[in-house]
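The values are calculated or read from the model by the stated rules, or taken from the named source; none is laboratory data. Only a predicted model underlies this, so the values are computations on that prediction, with no experimental measurement involved. Here Cβ is always computed from backbone atoms with ideal geometry, including for glycine, and neighbour counts include all displayed protein chains. These area figures cover heavy atoms from the full protein model, side chains too; ligands, DNA and RNA do not enter into them. Shrake-Rupley method; radii C 1.70, N 1.55, O 1.52, S 1.80 Å.
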Amino acid sequence: MSQSDKAAAVPSSRLARLARLGSLASGVAGGMLAEGVRQWSRGNRPSVGDLLLTPGNAQRVADQLSRLRGAAMKVGQLLSMDAGDLMPPELAAILARLRADAQAMPMSQLVPVLEAAWGAGWDRHFERFSFTPLAAASIGQVHAAQLKSGERLAIKVQYPGVRQSIASDVDNVATLLRVSGLLPRTLDFAPLLEEAKRQLHDEADYLKEAAYLEAYRGRLADHGDFALPTVHRALTTPDILAMSFMDGLPIESLAAAPQDERDRVLGLLFELLFREIFEFRCVQTDPNFANYRYDEASGRLVLLDFGATRHFSAGCIEAYSRLLRAGQCGDLESLSAAAIEIGYFQADIAPDHQRQVLDIFQTACEPLRHEGPYDFGSSTLARRIRDVGLRLGRDRNFWHTPPVDALFLHRKIGGLYLLAARLKARVDIRAIFLRHVVPPTVPPGEGNA
């Protein structure tokens, strides 16, 4: 199905968006009631989870959030388990479809957005402007265009009402998850919701994304293996990001490339990740495969979409350095101390829960301990991390609000692990890590005299 076939107007007013979520809650409740009647008539005694998680209800939730787009859809994407987050499998089953299921807004809604940003007669700038989007995501959609000068552009247009609806969308989706029983009432995830609002406001500010894009262009200017778009400042506004058009193949197409090339490309991405963490202290945290393209002619990796870029404090990076070093060395005592410092769990955590969390860290750090290239294609790493996470996710006595910085880093690292597994890449992660990791801080008085 093409993007144009899936076009649907974005509800832009708060009332319209609330009505969508209200009808969603009613539809889910109705679906639960109908399924309950069916199950009881067959002599079964289903749990609330069984009643809630019917295929029909999963379809209702995914369809309505994808029609809302914006923060409502983004919250669903952020809660997806695919990057290894410790969310319950029930929630993942409902939200998994949202990663690639955004619907484009129709031309009748797109044109007023362009007129509001560029004024009447906006099309005077262009030789051609394609109204059929190349891609549609949670916050905006991308169009191809060509200026009168012949320059090709990619124009990212934000859906109307997204910025204004962030706070209410996040709160409404959180309420929906609460009343549905998918999240326990004892779980205090208010800090996570507030941070989600802040992050989404950043992502909805295209001037800020343009600044991040230009910053990354500067940092990688001397790195011939990467290519990044150039911002077209005259046409860029808080709601529209105009960039040079970058040709390239989907990164997944490298599955058919020679092994050496797959290894090289994933090596570049892991090298960039450790530079982001330890050198830039600034990470593009969205692991979506669509953010990478491959230029077959030059062999360069095209980097796109810097809306989810996030700064990390020096203290946070130092703590993660200790955590990763401990995981790389297999030092469980130091690993536990670093995990407590970051906030993964409290010092009085139940021993069984502590062991399971440390098991996840130990498993995730396996590539850091491996001598030589780590074979992601033959590894069961992703499945093992998922299995431990599912065990914790089912134990509601464990649930607590995870560190927000940790969630964003997990998304990025988990996304690269998944991409490496998809392309069956072999990468010497340990060597790359040791080249970039921050040296341990020596306490005062313990260094060389």
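With a ≥ b ≥ c taken as the square roots of the eigenvalues of the C-alpha gyration tensor of region 280-391, please select rounded if a/c is under 1.5 and otherwise prolate if a/b is larger than b/c or oblate if it is not?
prolate
With a cut-off of 15 Å, note down the residues of region 274-305 whose backbone N falls inside the zone around a label point 7 Å from the Cα of residue 225 toward its beta carbon.
Only 274-276, 293-295, 298-303 pass the distance filter.
Just grab the label-to-label distance for residue 128 and residue 211, each label 7 Å out from Cα along the Cβ direction, in nm (one decimal).
With each label placed 7 Å out from Cα toward Cβ, I get 3.5 nm.
Per the 1.4 Å probe, what fraction of the accessible area of region 273-324, in percent, lies on carbon and sulfur atoms?
Working: 800 of 1770 Å².
Using a 1.4 Å probe with all protein chains present, region 273-324 comes out at 45 percent carbon and sulfur.
For residue 226, enumerate residues with amide H under 5 Å from its amide H, sequence gap 5+ or separate chain, H modeled in the peptide plane.
Those lying under 5 Å, H to H, from residue 226 are 301.
Taking R0 as 25 Å, what's the FRET efficiency between residue 233 and residue 108 from their Cβ-Cβ distance, rounded to 0.05?
After rounding to 0.05, the efficiency reads 0.30.
Using 0.36 nm per residue, how much length does the chain from residue 152 to residue 332 gain when fully extended, once their Cα-Cα distance is taken away?
Length gained between residue 152 and residue 332: 59.5 nm.
Spin-label point model (7 Å from Cα, Cβ direction): what's the residue 252 to residue 298 distance in nm?
2.5 nm
Sorted by packing (mean other beta-carbon atoms within 10 Å per residue), highest first, where do 249-257, 308-316, 164-172, 336-344 land?
Ranked by mean Cβ neighbours within 10 Å, highest first: 164-172, 336-344, 308-316, 249-257.
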